[in-house]
1. From the list ASP48, ASP58, which one is closer than 14 Å to LEU77 by Cβ and loosely packed, with under 14 Cβ neighbours inside 10 Å?
2. For region 1-31, which residues satisfy the criterion of being touching a residue at least 24 places away in the same chain (Cβ under 8 Å), assigned to a strand (DSSP E or B) and touching a His at 6+ places or on another chain (Cβ under 7 Å)?
3. Within region 68-85, is even one residue modelled with pLDDT under 95 and of a type in the set (Asp, Glu)?
4. Can you tell me how many residues in region 16-45 are surrounded by 15 or more Cβ atoms within 10 Å (Cβ to Cβ) and either farther than 16 Å from ARG74 by Cβ or of a type in the set (A, V, I, L, M) (or both)?
5. Please specify each residue of region 32-66 satisfying the condition of being in contact with a helix residue (DSSP H, G or I) (Cβ under 6 Å, 6 or more places away or on another chain) and part of a strand (DSSP E or B).
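The values are calculated or read from the model by the stated rules, or taken from the named source; none is laboratory data. The model shown is predicted, which means the values in this text are computed figures rather than measured ones. As a convention, Cβ positions derive from the backbone with ideal geometry for all residues, glycine included, and neighbour counts pool all protein chains shown.
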Amino acid sequence: MSLSLAQALESADMLVIDELYCFEFGLADDGLSLLCMDGRTERRWHFDLQAVAAASFDGEQDCWKIAAAGVEHRLRLLSAFSADEDDDQE
């Protein structure tokens, strides 16, 4: 059974939308909202829940394809690495 985009977002720490790294994103009752910086320009996207549910995963490109206002976007979900804080503590 494959994951939906909503399920995959639960374990993502960061994502890339159309080659821009996005650290601020969230899935809420009204859909998926994204915020990132493109140089000095703030860029925002919002995808309603219907668009999130209709998103499809492209295994060849390792990304999700999602459309809004007739434009298709590519999302690549990323997980951050974290160090265990208890390693050197005694």
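1. ASP58
2. Listed by number, the list holds a single entry, ILE17.
3. Yes, region 68-85 has at least one match.
4. 6
5. If the condition is that a residue be in contact with a helix residue (DSSP H, G or I) (Cβ under 6 Å, 6 or more places away or on another chain) and part of a strand (DSSP E or B), then LEU32, TRP64, ILE66 are the ones that fit.
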